[in-house]
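Some notes on the structure that comes next.
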Amino acid sequence: MTEFFFTGKAIAMKVRWAQKIDSLSESMTVAISDRARELQQKGVPVVNLGSGDPDFDTPTHIVEAAGEAIKRGLTHYVASRGVPELRRAIAAKFQRDNRIAYDPDTEIIATAGGKLALYIALAAMVEPGDEILIFDPAWVSYEPMIRMLDGVPVDVPLRPDDNFMLDPDALRSRITPRTKAMIVNSPNNPTGRVLTQEELALVAEAAQDHGIWVLSDEIYEHIIYDQRQHISLAALPGMRDLTVTINGMSKAYAMTGWRLGYLAAPAPLCGQILKVQQHVVTCAPSFVQAAGVAALNGPQDCVAAMVAEYDRRRRFITEALNTLPGVHCPAPEGAFYLFPRVTYRGMDSNALARFMIEEAHVAVTPGAAFGRAGAQNIRLTFATSMENLRQAAELLRAAMS
């Protein structure tokens, strides 16, 4: 349906909305959380493991920086690129953590969330019919963003039987003359995989051989386990000027509601992305940018403490899930999601998610929301309390036994 009839002032009018929006699916992660809230409001004690929202409070020094900024009047428009202090802090972070040099005046933009950073970068690249490669399974919003911009999402299936490793043949076979860019996410949502040096080298080789942009979504870079190393694609030889690095404050600093992200890109492309930012949102919230400065320049032990707790939860819930019938759950290498494969009563992932929320009262996201490769998987977050995880494990065990 792309139209409806409106009757006003005795005149019947037929009005339409965009067919491309009509064809989009709603965000399944949001829908699952909404359903969980509905049941909770009816008195059903649902444990919500569907949303990737850290349960920690934002660290105090970050909150105080925002409060002080408001008190001194930082509540008006600021430069569309972001305040100079934040851009310098972001540049210093890239140099310190990723060994990449960016000019804070021409190659960095602060955005209202990492999701907006990704969207405006795509908007500056994608023309109708351009193909954008997505590694499947992938975060639920990549494909809809591409479709909204009249691009063509092309799935590159990962190896589900090999912990979703990158298949070099699958990557090469999906590249055509219409391929404009690819989106890479490591640590990955939903699988928890951290791409290896060898896998990143395959991406870099393909990008350079075919002249393809890479959007590197690194929002989970600090949430990583077992002494693994996060490697930024832009740090690889020859990749700096082909890569847009997307990041933000939401996950590492428990700042999901603050809506502050950023991107770094070569200056010519960054200037084009800035035009989109100016017309879509003007600037990221001014006083929130002061909080971002405090987050990046301040003590990082708060991040380490949260990651240590995530690791404790990760070990518990991985072990608990692997005791359930028909569940195979590799331990995630990064981020705060589990993506187990579940063989139970012949259900696909959508049926499993419905069963778990309605019967077990545990909200999870169906793996099919992340692509065809996740048709037998579900995604659960452990960015919640250990008490909730223990309760969820008991409810699932009771329902599935």
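Worth pointing out:
- Unit Cα scatterers, Debye sum, region 80-213: log10 I(q)/I(0) for q = 0.13, 0.18 Å⁻¹: -0.64, -1.15
- In the chain, the DSSP-assigned H stretches of four residues or longer account for a calculated mean residue ellipticity at 222 nm of -11500 deg cm²/dmol, using -39500 (n - 2.57) per stretch and the full residue count as denominator.
- Region 241-268 and region 312-388: distance between their alpha carbon centers, rounded to Å: 28 Å
- The calculated FRET efficiency for GLN278 paired with ALA18, based on their beta-carbon distance and R0 = 25 Å, is about 0.65.
- Relative contact order (percent, whole number), the chain, Cα cutoff 8 Å, 6+ residue spacing: 22 percent
- Sum of side-chain charges, PHE56 neighbourhood, beta-carbon under 11 Å (Lys, Arg +1; Asp, Glu -1): -3
- Relative protection proxy for 64-77, 154-167, from highest mean packing down: 154-167, 64-77 (other beta-carbon atoms within 10 angstrom).
- For region 38-114 versus region 172-225, the inter-centroid distance based on Cα atoms is 24 Å.
- Local charge for ASP130 was computed over the other residues whose Cβ lies under 12 Å away, with Lys and Arg +1 and Asp and Glu -1, and equals 0.
- For Cα extents along the principal axes in Å, the value computed from the atomic coordinates appears in the list (i) 56, 55, 45; (ii) 79, 46, 39; (iii) 63, 59, 51 under label (iii).
- Sequence of ILE357, ILE246 once ranked by neighbouring C-beta atoms within 10 Å, starting from the fewest: ILE357, ILE246
- Percent of beta bridges antiparallel (DSSP, the chain, rounded to nearest 5): 50 percent
- Cα gyration tensor shape of region 74-297, rounded if a/c is under 1.5, else prolate or oblate by comparing a/b with b/c: prolate
- Taking every DSSP beta bridge that has both ends in region 74-297, the antiparallel portion is near 30%.
- Once C-alpha pairs closer than 8 Å and six or more residues apart are averaged by separation and normalised to the residue number of region 128-238, the relative contact order reads 25 percent.
- For VAL152, VAL214, order by how many other beta-carbon atoms lie within 10 Å, fewest first: VAL152, VAL214
- Set of lysines near LYS93 by C-alpha distance (under 21 Å), chain-local residues within fewer than 8 positions excluded: LYS115, LYS251
- Counting only residues at least eight positions apart within a chain, or on another chain, the aspartates and glutamates with an alpha carbon under 20 Å from that of LYS71 are GLU85.
Only the coordinates and a few stated rules stand behind these numbers; no lab work does. Quick caveat: nothing in here was measured; it's all calculated off a predicted structure. A quick note on method: Cβ atoms are made from the backbone with ideal geometry, for glycine too, and the neighbour counts reach across all protein chains shown.
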